[in-house]
Amino acid sequence: MNLLTAIVKSKRPSRIKDMPASVNSFLCRKGYSGITLFGRIFTNEQGIADSLNGKYSVMKNHEMIHLRQAQSTGNNWFVYYTLYGFFWLKGICLNRRRKNLAYYLNPFEMEAYLNEHDMHYLEQFEKGATGWRQLRKMSYPQRYRLMKRLGVM
């Protein structure tokens, strides 16, 4: 399935219970395991896609947290991706020397990385009370220290 088909067939985030995984090495670049786009997970390897479709894992939990984040941004994929892009561009502008710093310090990614090992996080997730909202209030040096201390970066 290509991206255009995924966009056309996408549902509101609240209507998605599980996200299927498929392979698309163009969307999921080298160095990344997966990407969530409009209710689907794209990976760059068939083995990863098969494992995500077969059982619940840390990676699946990470991507499902992104689904919950989209639900918390007005239940709209476009609002979610606009905010995601804004946070990423702001991070790029602050530090162009570190390749993935804008990605890791994006509040959406921070929340997903900080909670991906907690398999009960999604059960405790309350709409409107998400961690990314608190994380975006932190300064970039505070975000950096937190992610470094927790071993994410």
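The values are calculated or read from the model by the stated rules, or taken from the named source; none is laboratory data. Quick caveat: nothing in here was measured; it's all calculated off a predicted structure. FYI the Cβ positions are ideal-geometry reconstructions off the backbone, even for glycines, and counts take in every protein chain you see. What goes into the accessible areas is simple: the full protein's heavy atoms, side chains included, and nothing from ligands, DNA or RNA. Shrake-Rupley method; radii C 1.70, N 1.55, O 1.52, S 1.80 Å.
Could you tell me which residue of segment 128-141 is most open to solvent (accessible area, probe 1.4 Å), considering only residues that are more than 18 Å from Leu89 (Cα to Cα) and modelled with pLDDT of 85 or more?
Gln134
Conditions: (1) surrounded by 12 or more Cβ atoms within 10 Å (Cβ to Cβ); (2) touching a Phe, Trp or Tyr at 6+ places or on another chain (Cβ under 9 Å); (3) within 28 Å of Gln124 (Cβ to Cβ). Leu101 meets all but one. Number of the miss?
Condition (3) is where Leu101 drops out.
Can you find even one residue in segment 119-127 that is surrounded by 17 or more Cβ atoms within 10 Å (Cβ to Cβ) and in a helix (DSSP H, G or I)?
Restricting attention to segment 119-127, the residues satisfying the condition of being surrounded by 17 or more Cβ atoms within 10 Å (Cβ to Cβ) are 121, 125.
Checking which are in a helix (DSSP H, G or I) leaves us with 121.
Among the residues of segment 119-127, at least one is surrounded by 17 or more Cβ atoms within 10 Å (Cβ to Cβ) and in a helix (DSSP H, G or I), which makes the answer yes.
Among the candidates Met110, Met19, which residue alone is among the aliphatic types (A, V, I, L, M), buried (at least 17 other Cβ atoms within 10 Å of the Cβ), part of a helix (DSSP H, G or I) and at negative phi? Let's see the steps before the verdict.
Details: Met19 fails: part of a helix (DSSP H, G or I).
Only one candidate qualifies: Met110.
Go through segment 42-94 and give me each residue that's surrounded by fewer than 19 Cβ atoms within 10 Å (Cβ to Cβ), in contact with a helix residue (DSSP H, G or I) (Cβ under 6 Å, 6 or more places away or on another chain) and not in a loop (DSSP other than H, G, I, E, B).
Trp88, Ile92, Leu94
Only residues that are over 17 Å from Val152 (Cα atoms) and either part of a helix (DSSP H, G or I) or among the charged types (D, E, K, R) (or both): list them for segment 95-107, please.
Arg96, Arg97
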